[in-house]
Structure formats: structure tokens, C-alpha cells
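Every number here is computed from the coordinates shown, using simple stated rules; none is lab data. A quick note: this is a predicted structure, and the numbers were derived from the prediction, not measured. Counting neighbours? That spans all protein chains shown, and the Cβs are built from the backbone with ideal geometry, glycine included.
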Amino acid sequence: MMADGEIGVIGLGVMGRNLLLNIAEKGFPAAGYDRNPEKVRALAPPLRGAREPKELCDGLRAPRAILLLVPAGDPVDEAIGELLPHLDEGDVIVDGGNSFYRDTDRRAAELLDQGIAYLGMGISGGEEGARLGPSLMPGGSLEAFRRLQPLLEKIAAQAGGEPCVAYLGPGSAGHYVKLVHNGIEYGIMELIAESYDLMKRGLGLDDDALHEVYRAWSEGELSGYLMEITARVFLQPDDLGPGRLIDAIRDSARQKGTGRWTSQDAMDLLVPVPGIDAAVTMRNLMAARDERAAASAALHGPDPRHAGDRDRFLRALADALHAGIVLTFAQGMALLRTASAHNDYGLDLERVAAIWRGGCIIRAALLEPIRAAFARRAELPNLLLDAELGRAVTERQASLRETVRAGVDLGIPLPGFMAALAYFDGYRSARLPGNLIQALRDLFGAHTYERADREGVFHAPWTGR
Ligand code: 6PG
């Protein structure tokens, strides 16, 4: 094989194969390798397959660039281990998977010692995105990014006349941004799922009606990829039986872990992300199917059927979704701000919002006002403090409250909407009941308390038994 390949891809699963096709189509000679020889054999020209990592490396122009698209965790370390003997100083490895960001930092440090540059690059867009243009979130070696920039800009989605790729920062900045992207993805999917539950159990809408509602929403201010594909889902026939596929799918969803990592890391950084936490919690509750089935026979609640005006209910629900989605982004962006300071990423949140406008799973019309909010004020502490976005939520709060009330009255669980509302109400409260928490801690454990009217740390001789 001639050493003229621009990039090699390791891991020819759905993402790897589609990305390889995308790269080749943009005119960059590319080759792929997979441990499974079947997947290599399946490559057709102009794609080239390599039988061994060595063959892949030998076919690449120096300094080499290799993109890993293997599952997060051990497979990434194994792929790096297989590659290393065939690499030279100055070569670059790009991890395009959903790696946990601390693993990325470790790998970057280990490889730096060996003269290999490392990029941790979040890739979003699923199968279709990989093929037609994903959103790319690279971080790590700036020099390596510059070298690959022309290729990355060609293969990425385009939005607002710009490619959906930008250098995000050193170390694991790119993978951290992808982590939060996925946390937001969990949050929005939970809100959409709750809206579905309300319409199905509460209003008794059938799949055609549900399709119509989501289609209309996806053409208005709620427009976005997740809304569009939700509309699509309700039309899909079941190829194994009568009716629609959606009604044959189990009511539990698996998770690979990125949403959970987002919640866990936010906890560690003391950043509240209750909407994302609620989404992860609901996936866990969804997974406990048998236990829920048993409980449903023993525990009863109100009649879930809504008796009021249907159109009014749907209008409120659309507004509640809009507010909930803004609040989900607000939480995710606030987490990125703190993580950036903590990990020295130097993130530019306008840039993050800009590259999420196309290609990725959470792409939505709303990302343009979010981008504009950070353009107006780069150091914006929270999206809710932007006049336009703050107003977008404030104006819809009555609908959010109405929707949450409906869930409470009908006994339909809405932890995503409730968390969104509680985040809004908590964030806009100058005074929260932390004084009582302090008092209790001091009373039961002499943990001391701070006063509102003077500096210092106090302990009270609690009386009144
Ligand atoms: C993307 C998706 C992608 C993947 C998720 C699914 O941006 O293209 O987020 O990365 O589909 O990891 O996550 P769960 O399996 O945890 O739901």
C-alpha cells in the first residue's frame, strides 16, 4: 500500500464505517482497520482496508493521523497498545468515541511521553451524522488539531455558514463537552418522553395524533433533531406484528453511561443539574420493569385521564417543553462553565453552542439564541440571566406550572418537568431555606453556622428542649 493515506480509522462499526465513507467522499484518501476481518473485507473502493494495524500505519502519510472509533473503556487502550509499535514521533491519535474524560487525560499524558499527540474528540450525530456530517468536539493537542483542521472542517456538518467543529481546549476539553452534550441529550429526551406520557395516558392520543403534534412542534420554535425524530417514530409500522413499532417496544431504555457520568461529575463539582439527574434516575426506574409491574398491582393513584380542554393542554405542554429545554441547556452550560475553570479548559461557550447548531443529536433552533447569548456576554454565569432566554422561560412559567400540576393531579410522573421548574424557582430565589439546614447541622452535630448579618463562624448553645 502506498503511504499516501491522509487518515486511518480503527473500528469499523456503524460510526467508523460511515465516517470513513464521509472522509473519502470529501476527497481524503482513507483506510480502515478492524479486529473483525469481515468488517475490513466489507470495505469497497475508494475505501481501503488494512488487515493489521501495521498495514494501516504503513499506508499513511507521515506524520500519521489515526482516528479511533472503538467503544469507550478498555478497547481504546487496547487499540492504542496495538498501534504504538507502528507509530513514530509526531504522529497523532484521535479518540472519536465517548471516552470518559479522565481516561482521555491519562492517555494524552502517557502518549505525550512517547512523542505522540492526542486529541479527544467528541463526535455526535449517530449513524446519519457520521455519514453526512457530524458535530465534532475536539480537544487536546492544538498543533494536532491545526494539522487535521482542513479535513475535520470538510467532514463536519455546516450550520450558519460555518463548519460544526472547533478546537475547544487542552486535555480532555473535547470529551468533556461531549459528556455534557450527552447529559443535555438525556435531559431533553426525558422531557419529550414525559410529554408523550402526558399525551398518551392523559389525553389518550393515538400514534397518528402524536405524530401530528410532534411534527407541528418540530416545525415551530421547538424545532430540533430530537423533536423531528420523535415525530417520525410514531409513524413506523411494526414489521413483526400489527400496529406501530413504538407500541411493541419495551418501556425500559438502556444507557451506556454518559448521562450518568455527567450527573456524577456535576455532583463532584457541586453544580446543580437536576434535570439531567432526573433523566438518569428515570432510566434506572424504567429499567426496573418487573418490580414496577408488581407495584402497579398493589399501589394505586388517580385516574390518569385528563378531563379539561385538550387544545389548551397541548399549548401549555408545548410552552412547558420549550421552557424545560432552555432550563436543561442552562444547567448543562453552567456545568461546562465550572468544569472549564476547574480543569483549565478555557472553554468558549459561544463556540460550543455554535458547533452544536448542526450535526449533533441536540441540534435545535434554540441553539442560535444560546450562541447569541454568549456572544453578547462571554462570561454569562447562567443562560437564565440572558435577557432573551430569561424572558423565554419567565413568559412560559405559567405553562410549566400548569403542566407540572397536570402530572401531579393525574398521577403521571414528570420528574424532568418538575426538576426544570424547581431549578427555575430555586435559581430565582434570593433566599432559600439553607438557614434551617445550617441550624439543624449546628444543633445535632455542632457543625457551626454562618450569619447573614456578620462574618465569622458561630455555634449556638441550642436550648428549648
Ligand atoms: C451522539 C449520541 C451517541 C450515543 C449515546 C447514547 O451524540 O451521537 O449521544 O454518543 O448514541 O452515547 O447514549 P446512551 O446509550 O447512554 O443512551
**Prompt:** Near LYS178, which aspartates and glutamates are there with a Cα under 16 Å away, not counting those fewer than 8 places off in the same chain?
**Reply:** ASP95, ASP103, ASP105, ASP265, ASP348, GLU350
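Divide by every residue of the chain the summed helix terms, -39500 (n - 2.57) for each DSSP H run of at least 4, and state the resulting mean residue ellipticity at 222 nm, rounded to the nearest 500 deg cm²/dmol.
Values: 19 runs with 248 residues, N = 465.
Helices in the chain give a 222 nm mean residue ellipticity of -17000 deg cm²/dmol.
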**Prompt:** aspartates and glutamates near LYS39 by alpha-carbon distance under 14 Å, same-chain residues fewer than 8 away left out - which ones?
**Reply:** GLU52
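Given charges of +1 on the Cβ of Lys and Arg and -1 on the Cβ of Asp and Glu, with all other atoms neutral, how large is the dipole of the chain about its Cα centre, in debye to the nearest 20?
On the way: 51 positive and 64 negative charges, 122 e Å.
With only Lys, Arg, Asp and Glu charged at Cβ, the dipole is about 580 debye.
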**Request:** Choose one of GLY358, PHE313, ILE325: the residue whose Cα lies farthest towards the positive end of the charge dipole of the stretch 304-379 (beta-carbon charges +1 Lys, Arg; -1 Asp, Glu; about the Cα centre).
**Result:** PHE313
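Given +1 on the Cβ of Lys and Arg, -1 on the Cβ of Asp and Glu, and no further charges, what dipole in debye does the stretch 369-465 carry about its Cα centre, rounded to the nearest 20? Mind dumping the intermediate values first?
On the way: 13 positive and 11 negative charges, 6 e Å.
The calculated dipole for the stretch 369-465 is roughly 40 debye.
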**Message:** Positive end of the dipole of the stretch 20-95, charges at C-beta (+1 Lys, Arg; -1 Asp, Glu), about the Cα centre: which of LEU56, ALA24, LEU68 has its Cα farthest in that direction?
**Reply:** ALA24
**Prompt:** By DSSP, what percent of the beta bridges with both residues in the chain are antiparallel, rounded to the nearest 5?
**Reply:** 35
**Prompt:** Taking Rh as the Kirkwood radius computed over C-alpha pairs, what is the Stokes-Einstein D of the chain at 25 °C in a medium of viscosity 0.890 mPa s, expressed in µm² per second?
**Reply:** 101
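Output the peptides 287-296, 417-426, 320-329, 273-282 sorted from most to least packed, where packing is the average of other Cβ atoms within 10 Å over each peptide's residues. Mind showing how you got there, number by number?
Working: 287-296: 11.2, 417-426: 21.9, 320-329: 27.0, 273-282: 25.1.
Highest-to-lowest ranking by the protection proxy: 320-329, 273-282, 417-426, 287-296.
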**Prompt:** Normalised by the number of residues in the stretch 319-465, what is the relative contact order in percent for Cα pairs under 8 Å and 6+ residues apart?
**Reply:** 22
**Message:** I'd like to know which of LEU203, ASN182, GLY169 lies farthest towards the positive end of the charge dipole of the chain, counting +1 on Cβ of Lys and Arg and -1 on Cβ of Asp and Glu.
**Reply:** LEU203
**Prompt:** Can you run phi through the Karplus equation (6.51, -1.76, 1.60; θ = phi - 60°) for the stretch 345-351 and list ³J(HN,Hα) in whole Hz, with x for Gly and Pro?
**Reply:** 7, x, 5, 9, 5, 5, 5
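State, as an integer percentage, the relative contact order of the chain based on alpha-carbon contacts under 8 Å between residues 6 or more apart. Walk me through the intermediate numbers first.
On the way: 818 pairs, mean separation 61.6, N = 465.
It comes to 13 percent, rounded to a whole number.
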**Message:** Give me the percent relative contact order of the stretch 235-343, please, defined on Cα pairs under 8 angstrom at least 6 residues apart.
**Reply:** 29
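If the only charges are +1 at each Lys and Arg Cβ and -1 at each Asp and Glu Cβ, what is the size of the charge dipole of the stretch 1-107 around the Cα centre, to the nearest 20 debye?
Details: 13 positive and 18 negative charges, 70 e Å.
It works out to roughly 340 debye.
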**Residue-wise HN-Hα coupling along the stretch 227-238, computed from phi with Karplus coefficients 6.51, -1.76, 1.60 (Hz; x: Gly, Pro)** = 5, 4, 6, 4, 4, 4, 3, 6, 8, 5, x, 8
**Asked** Cross-link partners among aspartates and glutamates for LYS54, C-alpha distance below 15 Å, same-chain residues fewer than 8 apart left out?
**Response** ASP4, ASP34, GLU78, GLU82, ASP88, ASP91
